[in-house]
Amino acid sequence: MSNIGFMFNEDERLAIDGLRRFLDERLEPELKELGDVFYPKENIREWMMQLGEFGIVNAPQPESDGGLGLSWRLHVQLIEELAYSSGDLAIVALVNAAATSMLLRLAPDHIKSRYAGPMLRGEIIGAVGISEPDIGSDVSGVKTRAVRDGNDWIINGEKTWITNGEYSDFFICTCRSDENQLTHILLDREEHPYEVRGIPKIALNSQSTSQIFLNDVRVPVSNTIGEIGSGLKNTLTLFERARIHVAAWGYGIARRALEESIKYAPDRVQHGKQIAGHQLIADKIATMATQIDAARLLALRAASMIDAGQRCDVECAMAKWYGTEIAVEATRQAVQIHGGNGLTKEFIVERLAREAMITPIPDGTTEIQKLLIARGLTGISAFR
């Protein structure tokens, strides 16, 4: 655990340390043995169940709903620890956490009782579909249609960049249910089949990022998540909380790059001295360490505000912007510190750099975060 023990009580520190030991002693060796492959669903489910014992999905959920009743602040730290070990598994976990939160906050009782418990235990995997080929950050422009037919919805459309798509047991789909209304609808993969195609990327290909195609999929109206027409408001709430998890995902990857650099620099000798003693290398390491700590503090501040029930849209946007952009910068510097070795598969910093490049994109790009921050501070919106 990084030097933040003062921010957590003894029980929370034990939870963080317990997860760290599990990741170091059990999960990382298993991932290393598997290598750079697409992880099968059976493995993903087993790991999610194991990680569930450490609160990776259920930590901040109420005990009355089957969660652990712990803080969002702790949960953000747990996501960082997982991202440090595996960027792939961290994004699987944070999407599962987001889907679980939606179910517990918004789903009718029969849906909640069927899906939320298994999600909290890591037994099933969920996906959330917002983005479309022509729609990214502009949620209000969603084109996927849900047309009422008696007691059913008939859904047609296409979603893209869907994390967990190939693994998903269910899919919460953002649909246009009327000209000016968005609605969330849950599709069970067995009962309401949807087509899934994987999307190859520059990194993070050990987990599933997918397109999902919906062709006349018939779903009961009782599978509506939240009130009909409340989809935009609920999506924005989802984004706000997810942003601090994405921030932790980013600076967790950055922290791994920093620690790999700290291990490498004293061992590498150039011009008769360890490169750690060269001023430019020392500057890079010092800057990386300070920026990563700053990113973490921004995210933990936002999480503490969620715990306190305070509005924190600006703070979440700050955390997401800074945490993910620092991931890009820190991993690039780690490659520089490693020199030519940093471009080889023998060292993991090249992989970390590719992974970090992805982190500023989900849940609103860096540019979107800056617009949100400015709107919160000035009251002037850049959006229509």
For this session: Identify the residue in the stretch 12-32 that is at pLDDT 95 or above and within 24 Å of Thr209 (Cβ to Cβ) and, among all such residues, is farthest from the chain's Cα centre (by Cα).
Result: Glu30
Problem set entry | Odd one out for Gly69, checked against (1) touching a Leu at 6+ places or on another chain (Cβ under 7 Å); (2) at positive phi | (1)
Exercise. Tell me, which residue of the stretch 304-337 that is under 19 Å from the mean Cα position of the chain (by Cα) and of a type in the set (S, T, N, Q) is nearest to Ala374 (Cα to Cα)?
Worked result: Thr324
Problem set entry | Residues of the stretch 74-132 satisfying the condition of being closer than 25 Å to Leu19 by Cα, acidic (Asp, Glu) and outside any loop (DSSP other than H, G, I, E, B) | Glu80, Glu81, Asp88
Exercise. Is one or more of the residues making up the stretch 144-166 farther than 28 Å from Pro40 by Cβ, of a type in the set (D, E, K, R) and outside any strand (DSSP E or B)?
Worked result: no
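Okay, residues lined up against (1) aliphatic (A, V, I, L, M); (2) touching a Pro at 6+ places or on another chain (Cβ under 6 Å); (3) part of a loop (DSSP other than H, G, I, E, B); (4) more than 21 Å from Asp88 (Cβ to Cβ):
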position: Ala295; (1), (2), (3), (4): yes, no, no, no
position: Ala302; (1), (2), (3), (4): yes, no, no, yes
position: Gln310; (1), (2), (3), (4): no, no, yes, yes
position: Ala327; (1), (2), (3), (4): yes, no, no, no
position: Glu346; (1), (2), (3), (4): no, no, yes, no
position: Glu350; (1), (2), (3), (4): no, no, no, no
position: Pro362; (1), (2), (3), (4): no, no, yes, no
position: Leu372; (1), (2), (3), (4): yes, no, no, yes
position: Ile380; (1), (2), (3), (4): yes, no, yes, yes
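Residue-by-condition table, conditions (1) in the same structural domain as Ile172 (by TED's automatic domain parsing); (2) in contact (Cβ under 8 Å) with a residue 40 or more places away in the chain; (3) buried (at least 21 other Cβ atoms within 10 Å of the Cβ); (4) touching a Phe, Trp or Tyr at 6+ places or on another chain (Cβ under 7 Å):
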position	(1), (2), (3), (4)
Pro193	yes, no, no, no
Val196	yes, no, no, no
Pro200	yes, no, no, no
Val217	yes, yes, yes, yes
His245	no, yes, yes, no
Leu258	no, yes, yes, no
Ala265	no, yes, no, no
Met288	no, yes, yes, no
Asp293	no, yes, no, no
For this session: Would you point out the residue of the stretch 356-384, among those that are closer than 18 Å to Trp321 by Cβ and of a type in the set (D, E, K, R), that is modelled with the lowest pLDDT?
Result: Asp363
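The values are calculated or read from the model by the stated rules, or taken from the named source; none is laboratory data. Owing to the predicted nature of the structure, the values given are computational and were not obtained by experimental measurement. Cβ coordinates were reconstructed from backbone atoms using ideal geometry, including for glycine residues, and neighbour counts include every protein chain displayed.
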